[in-house]
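The structure appears below as structure tokens.
The values are calculated or read from the model by the stated rules, or taken from the named source; none is laboratory data. What you see is a predicted model; the values in this text were computed from it and never measured. Here the Cβ is made from the backbone with ideal geometry for all residues, glycine too, and neighbour counts use every protein chain on show. Accessible surface is based on the protein model in full, side chains and every heavy atom, while ligands, DNA and RNA are left aside. Shrake-Rupley method; radii C 1.70, N 1.55, O 1.52, S 1.80 Å.
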Amino acid sequence: MNSLVIDLILCGVAYVVLIYFVATLTKSKIKRNRKNNDEDGDGGVEDNTPPVIDLPPGIVWPTEEKEKNPIAF
């Protein structure tokens, strides 16, 4: 047999073995996550304030008044 054919066969076998291990390892994680379905999120406190960023001159954050009245220009 040609060495290229042997290399392709060995790469195919290695690929199948790799996919098998990935499938078996992720299957156990999926089963564990289904048991603990009552968890919602990371459990932290939500902080919905915008980040404090040093904006360049002439750029300002939008105010809440504009968000409440989208028709005003």
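Close Cβ contacts (under 7 Å, 6 or more residues apart or on different chains) running from residues in segment 52-67 that are open to solvent by 100 Å² or more (accessible area, probe 1.4 Å) to residues that are hydrophobic (A, V, I, L, M, F, W, C) and modelled with pLDDT under 75 comprise Lys66/Ala72.
All of Thr24, Thr49 fail the test of being surrounded by fewer than 10 Cβ atoms within 10 Å (Cβ to Cβ), of a type outside the set (A, V, I, L, M), modelled with pLDDT of 75 or more and not in a loop (DSSP other than H, G, I, E, B), apart from Thr24.
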